[in-house]
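Written below as structure tokens is the structure these notes are about.
The values are calculated or read from the model by the stated rules, or taken from the named source; none is laboratory data. Quantities reported herein were computed from a predicted structural model and do not represent experimental measurements. Cβ placement follows ideal geometry from the backbone for every residue including glycine, while neighbour counts extend to all protein chains displayed. Surface accessibility is based on the protein's heavy atoms, side chains included, excluding ligands, DNA and RNA. Shrake-Rupley method; radii C 1.70, N 1.55, O 1.52, S 1.80 Å.
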Amino acid sequence: MKKITARKVFTGKEWLGPVEILVENEIIQAIQFIPDKEVKDYPNGFLCPAFIDLQVYGGNGILFSNHQTVEAIQATYDEHSKSGTEFFQITLNCSPKESIFKAIDAAKQYQQEGRPGLLGLHLEGPFFNPIRRGAHKEEFVQKPTKQLIDAIIQLAGDLRIYMTIAPEMFDGDLLDYIIQSPIICSIGHSDATQSQVEHAFEKGINKITHLFNAQSQWQSRALGIAGTSLLHDEIWASIIVDGLHLDFGTVKLAKELKRDRLFLITDAVTEDLSGPYHFAKKDGKFSNDQGTLSGSALTMHEAIENCVKHVGIDLEEAVRMGSLYPAEVIGLENELGTLEVGKRWSAYHWID
């Protein structure tokens, strides 16, 4: 039995402390109060649930979109775990099918080897609307086909596949087919109209990728994806709070409308010029060869701090946006997202 003592803990639901946390086989067995003098492990700052990032592309100079390898996934964990992200979906930029298949193989191997943190694979593409591709390469955008969808599902097996799609690019019953498949679908890199978005919601999609970015916008005579999603408080939306992708005022408005259905992603890339995706860092941001904003240089700790300092979100709620809510998005809230008896032990030591 492992014992962890801390002066202050935010469980994701309440503040406790000083406490002793008993952990066996990486599962929390008990959280009990102790005298302050018995705190040995974390006398300063506080413990909170480890963060979960459902969209991160690489780390330590290895971009997964350029290198679909176990080493690239490990490099991502090694970099982002330092700032509290213990769980993540490695993300592949819009890519040809050969790279998609290699990405699936690498993610499966990583998990089979018992390496830490990987919850699944986020395929950002290839079923985009090319006019909303952003920094993704147009030559890799593909028209949805049942053949490719089936190949991804078959190769993935038990690996969680989360895919950002443009629903308006799907013909006939193919949208129904992918929604009803094991693939978790989210709307993004799309120019869908309000009626097309509403149709996708009715079919069962309940997620939006990086709200306001690379999607049809909220205008006076057209709600687009951004506006339509804000009408539906049951729809999840990820958001990038780095001060570059969105004005902080926009984040504040989104939070007021989405409430507990808005969750944080970093969208973080890394400088790697060795493959088809060239993301260079300058003045604290990443851009591609055309100068288009490409991913972020954000950590989840920084995203939470930005929510508190620049958006006016309470610290407790900002922590939930980077831990509990992402766990709920992918159905792992019974295992992760809060520090409670029966859940996996994984915490971040937040130092003010």
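Filter the stretch 250-287 for residues that are of a type in the set (A, V, I, L, M) and either open to solvent by 10 Å² or more (accessible area, probe 1.4 Å) or touching a residue at least 60 places away in the same chain (Cβ under 8 Å) (or both) and give the result. Across the stretch 250-287, the qualifying residues are V251, L253, L257, L262, L264, I265, A268, V269, L273, A280. State whether one or more residues within the stretch 62-78 are within 29 Å of D352 (Cβ to Cβ) and in contact with a helix residue (DSSP H, G or I) (Cβ under 7 Å, 6 or more places away or on another chain). Checked against the condition, which is being within 29 Å of D352 (Cβ to Cβ) and in contact with a helix residue (DSSP H, G or I) (Cβ under 7 Å, 6 or more places away or on another chain), the stretch 62-78 yields no hits at all. Applying a threshold of 7 Å to beta carbon distances and a minimum spacing of six or more residues, or different chains, the list of pairs starting in the stretch 322-335 at a residue that is polar (S, T, N, Q) and ending at one that is surrounded by 18 or more Cβ atoms within 10 Å (Cβ to Cβ) reads S323/G12; S323/P49; S323/A50; S323/F51; S323/I52; S323/G337. Of L332, L264, L324, which residue is more than 16 Å from T209 (Cα to Cα), touching a Gly at 6+ places or on another chain (Cβ under 7 Å), among the hydrophobic types (A, V, I, L, M, F, W, C) and modelled with pLDDT of 95 or more? On inspection, the qualifying residue turns out to be L324.
For the stretch 165-177, the condition of being surrounded by fewer than 16 Cβ atoms within 10 Å (Cβ to Cβ), closer than 21 Å to K207 by Cα and touching a helix residue (DSSP H, G or I) at 6+ places or on another chain (Cβ under 7 Å) holds for at least one residue.
Only one entry in L257, L298 is under 23 Å from T164 (Cα atoms), among the hydrophobic types (A, V, I, L, M, F, W, C), out of contact with any Gly (no Cβ under 8 Å at 6 or more places or on another chain) and part of a helix (DSSP H, G or I), namely L257. Test Q217 against the stated conditions and say whether it is open to solvent by 40 Å² or more (accessible area, probe 1.4 Å), under 28 Å from G295 (Cα atoms) and touching a Pro at 6+ places or on another chain (Cβ under 9 Å). Taking the combined requirement at face value, the residue does not satisfy it. For L298, all conditions in the list (1) among the aliphatic types (A, V, I, L, M); (2) under 23 Å from I73 (Cα atoms); (3) open to solvent by 50 Å² or more (accessible area, probe 1.4 Å) hold save one; what is the number of the exception? Every listed condition holds for L298 apart from (3). Remark: pairs (first residue in the stretch 221-249, of a type in the set (D, E); second residue not in a helix (DSSP H, G or I); Cβ separation under 6 Å; 6+ apart in sequence or on different chains) = D242/S296; D242/L298. Restricting I52, I100, I73, I131 to those that are under 23 Å from Y177 (Cβ atoms) and not basic (K, R) reduces the list to I100.
Checked across the stretch 124-147, the condition of being part of a helix (DSSP H, G or I), modelled with pLDDT of 95 or more and either touching a Gly at 6+ places or on another chain (Cβ under 7 Å) or among the charged types (D, E, K, R) (or both) holds for at least one residue. The C-beta contact set for the stretch 197-210 (first residue over 13 Å from E234 (Cβ atoms), second residue of a type outside the set (A, V, I, L, M, F, W, C) and outside any helix (DSSP H, G or I), distance under 6 angstrom, 6+ apart or interchain) comprises T209/T164; T209/S186; T209/G188; T209/S238; H210/S238. Within the stretch 301-352, the set of residues being open to solvent by less than 50 Å² (accessible area, probe 1.4 Å), assigned to a loop (DSSP other than H, G, I, E, B) and more than 28 Å from Q32 (Cβ to Cβ) comprises I313, I330. So which residues in the stretch 260-287 are under 21 Å from the mean Cα position of the chain (by Cα) and in a loop (DSSP other than H, G, I, E, B), if there are any at all? Residues satisfying the conditions are I265, T266, D267, V269, T270, E271, Y277, G284. Report the residue count in the stretch 217-265 for those that are of a type in the set (V, I, T) and in contact with a Ser or Thr (Cβ under 8 Å, 6 or more places away or on another chain). Summing the residues that are of a type in the set (V, I, T) and in contact with a Ser or Thr (Cβ under 8 Å, 6 or more places away or on another chain) in the stretch 217-265 gives 4. Restricting the first member to the stretch 138-152 and to residues that are on the phi < 0 side of the Ramachandran plot and buried (at least 18 other Cβ atoms within 10 Å of the Cβ), and the second to residues that are of a type in the set (A, V, I, L, M, F, W, C) and modelled with pLDDT under 95, the beta-carbon pairs closer than 7 Å and six or more apart or on different chains are F140/C94; V141/C94; V141/F128.
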